[in-house]
1. What's the longest bit of the chain with no exposed chymotrypsin sites (Phe, Trp or Tyr not before Pro), using DSSP loop states and at most 13 other Cβ atoms within 10 Å as the test?
2. Using a Förster distance of 22 angstrom, determine the FRET efficiency expected from the C-beta separation of GLU34 and THR11, and round it to 0.05.
3. By accessible area of protein heavy atoms, probe 1.4 Å, what ranking do SER10, SER2 get, highest first?
4. Can you give the FRET efficiency to the nearest 0.05 for VAL4 and LYS65, using r as the Cβ-Cβ distance and R₀ = 35 Å?
5. What does the accessible area per residue of the chain come to in Å², with a 1.4 Å probe and no ligands, DNA or RNA counted?
6. Ignoring ligands, DNA and RNA, please state the percent of accessible area on the chain from carbon and sulfur, probe 1.4 Å.
7. Using unit Cβ charges (K, R positive; D, E negative) and no other charged atoms, how large, in debye to the nearest 20, is the dipole of the chain about its Cα centre?
8. Taking θ = phi - 60°, what integer Hz values does the Karplus form 6.51 cos²θ - 1.76 cosθ + 1.60 yield along region 49-66, in sequence order, with x for Gly and Pro?
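The values are calculated or read from the model by the stated rules, or taken from the named source; none is laboratory data. This structure is a prediction, so every number in the text was calculated from the model and none was measured. Methodologically, a virtual Cβ is constructed for each residue, glycine included, from the backbone with ideal geometry; neighbour enumeration extends over all protein chains shown. In case anyone asks, the SASA skips ligands and DNA or RNA and just uses the protein heavy atoms, side chains included. Shrake-Rupley method; radii C 1.70, N 1.55, O 1.52, S 1.80 Å.
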Amino acid sequence: MSIVATIMNSTTGQPIQKMTFGRMPKPWVTFHLENGERVTADRVNVGKPAPGKFVAPVEVWVTPKG
C-alpha cells in the first residue's frame, strides 16, 4: 500500500508538492524534490482520517536550501 504525502516547507509552512512513498516515510528519510533538490525530513506528521474515511493525511516537513 503506497502512502501519498504532502511535502511541506518548514520555514514558510506552505506545501511544496505531493509525493508517493512505497511505505510510511521515516522521520530521517532523504529524497529528491521535483526540482532535483535533495532534502532530509525534519519531521513526519500523521493526521486523523476524516469521519467515514480510511486514509489519514501524512505531511513530511523539510527545509529546502533554495
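1. 1-27
2. Numbers: r = 18 Å, r/R0 = 0.82.
The formula returns an efficiency of 0.75 here.
3. SER2, SER10
4. After rounding to 0.05, the efficiency reads 0.90.
5. Spelled out: the 1.4 Å probe surface of the chain, per residue, equals 70 Å².
6. Numbers: 2630 of 4630 Å².
Here it works out to 57 percent.
7. With Lys and Arg at +1 and Asp and Glu at -1, about 200 debye.
8. So the Karplus estimates, Gly and Pro as x, are x, 5, x, x, 10, 9, 7, 8, x, 10, 10, 10, 8, 10, 10, x, 6, x Hz.
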